[in-house]
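Asks: Here it is, the structure in full.
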Amino acid sequence: METPFFLIDKQELDDNILNFKIALEKIWPNSKIAYSVKTNSLPWLLKYLKTQGLMAEVVSDEEYELARLCGFTEDQIVFNGPIKGNDTFLDAINKGALVNIDSKNELGLFKEHIKESKENVGVRINVDTSLFDSNDIGYTEDGFRFGFSEQNGELTDAINIVRLQDDHHKIGIHFHCNSVTRSLNVYRSLAEYAKEIIKKFNLTPSFIDIGGRFFGGVEGKPTATDYV
């Protein structure tokens, strides 16, 4: 066999998926798992994960198209990231993908081309790193790079545009954190912050997207079974 190559332990993969589903069902039952396509984009793997009931999380036009080619329908795709192509961005919204607006360019496209609010559209929130222990996220000085900040008023503008001034319309909110420890404290802090945002902006979220390094199987890191 030529190298390099990926060797996938199917049983361990199945166990990780099952344990994660069990943990979510006990703690947050109305939830879905979306697999990060950029982590490993082998078509066999993506097709198999679809059969296990997972969604696909993509961050580029190429990943979006790959997910579609592997059988995911638009409503089984989460479209994140700051480098969405204009046409794919609008097409994904109109066809029912969960799309998280990540930049001012995307916000402008939404305002110009989408004539009514969409419950499948969310806003990525730039989380203040002071909410976390620096040991859990690896740094605190520079902050996170993407999304809209509550502190400078950008988040207020983004939420008002996405819900098109309709105070009662449901929109999604998206939080992402690259935890180096995978500590439960990181995701607890994100959930608590989500509560604050919901209350402050009088939101009824159509979805809450919390992501970042959940998948198990890494020696020395917590797994889903630790929290069941």
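Residues checked against (1) more than 22 Å from ILE125 (Cα to Cα); (2) in contact with a His (Cβ under 8 Å, 6 or more places away or on another chain); (3) charged (D, E, K, R); (4) not in a helix (DSSP H, G or I):
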{"site": "LEU13", "(1), (2), (3), (4)": "yes, no, no, no"}
{"site": "ILE17", "(1), (2), (3), (4)": "yes, no, no, no"}
{"site": "ALA23", "(1), (2), (3), (4)": "yes, no, no, no"}
{"site": "SER31", "(1), (2), (3), (4)": "no, no, no, yes"}
{"site": "TYR48", "(1), (2), (3), (4)": "yes, no, no, no"}
{"site": "GLU57", "(1), (2), (3), (4)": "no, no, yes, yes"}
{"site": "GLY71", "(1), (2), (3), (4)": "yes, no, no, yes"}
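Asks: Restricting the stretch 152-181 to residues that are among the acidic types (Asp, Glu) and modelled with pLDDT under 90, which is least open to solvent (accessible area, probe 1.4 Å)?
Replies: Taking the candidates together, the pick is ASP166.
Asks: Give the residue that is modelled with the highest pLDDT, with candidates limited to residues of the stretch 137-148 that are under 19 Å from the mean Cα position of the chain (by Cα) and either surrounded by fewer than 16 Cβ atoms within 10 Å (Cβ to Cβ) or over 26 Å from LYS118 (Cα atoms) (or both).
Replies: Result: PHE146.
Asks: Right, next: Can you name the residue in the stretch 123-136 that is among the charged types (D, E, K, R) and at pLDDT 80 or above and is also surrounded by the most Cβ atoms within 10 Å (Cβ to Cβ) among such residues?
Replies: ARG124
Asks: Determine, yes or no, whether LYS21 is surrounded by fewer than 13 Cβ atoms within 10 Å (Cβ to Cβ), closer than 23 Å to GLY71 by Cα and charged (D, E, K, R). Break it down stepwise before answering.
Replies: Details: surrounded by fewer than 13 Cβ atoms within 10 Å (Cβ to Cβ): no; closer than 23 Å to GLY71 by Cα: yes; charged (D, E, K, R): yes.
Against the criterion (surrounded by fewer than 13 Cβ atoms within 10 Å (Cβ to Cβ), closer than 23 Å to GLY71 by Cα and charged (D, E, K, R)), LYS21 does not qualify.
Asks: Please specify each residue of the stretch 32-54 satisfying the condition of being open to solvent by 50 Å² or more (accessible area, probe 1.4 Å) and either more than 19 Å from the chain's Cα centre (by Cα) or small (Gly, Ala, Ser) (or both). Step through it out loud before you land on a result.
Replies: Within the stretch 32-54, the first condition is being open to solvent by 50 Å² or more (accessible area, probe 1.4 Å), and the residues that meet it are 32, 38-39, 41-44, 47, 50-53.
Listed by number, the residues that qualify are SER41, LEU42, PRO43, TRP44, LYS47, THR51, GLY53.
Asks: For the stretch 1-9, indicate whether the set of residues that are under 20 Å from the mean Cα position of the chain (by Cα), in contact (Cβ under 8 Å) with a residue 24 or more places away in the chain and open to solvent by 60 Å² or more (accessible area, probe 1.4 Å) is non-empty.
Replies: Pass one, the stretch 1-9, residues under 20 Å from the mean Cα position of the chain (by Cα): none.
The answer is no, given that none of the residues of the stretch 1-9 is under 20 Å from the mean Cα position of the chain (by Cα), in contact (Cβ under 8 Å) with a residue 24 or more places away in the chain and open to solvent by 60 Å² or more (accessible area, probe 1.4 Å).
Asks: Here are some conditions: (1) at pLDDT 95 or above; (2) of a type in the set (D, E, K, R); (3) open to solvent by 90 Å² or more (accessible area, probe 1.4 Å). ASP91 meets all but one. Which one does it not meet?
Replies: (3)
The values are calculated or read from the model by the stated rules, or taken from the named source; none is laboratory data. Note that the structure is predicted; figures quoted are calculated from it, not measured. Using ideal geometry, Cβ is built from the backbone for each residue, glycine included, and neighbour counts are taken over all protein chains shown. For the accessible areas, the whole protein counts, side chains as well, though only heavy atoms, and no ligand, DNA or RNA atoms are used. Shrake-Rupley method; radii C 1.70, N 1.55, O 1.52, S 1.80 Å.
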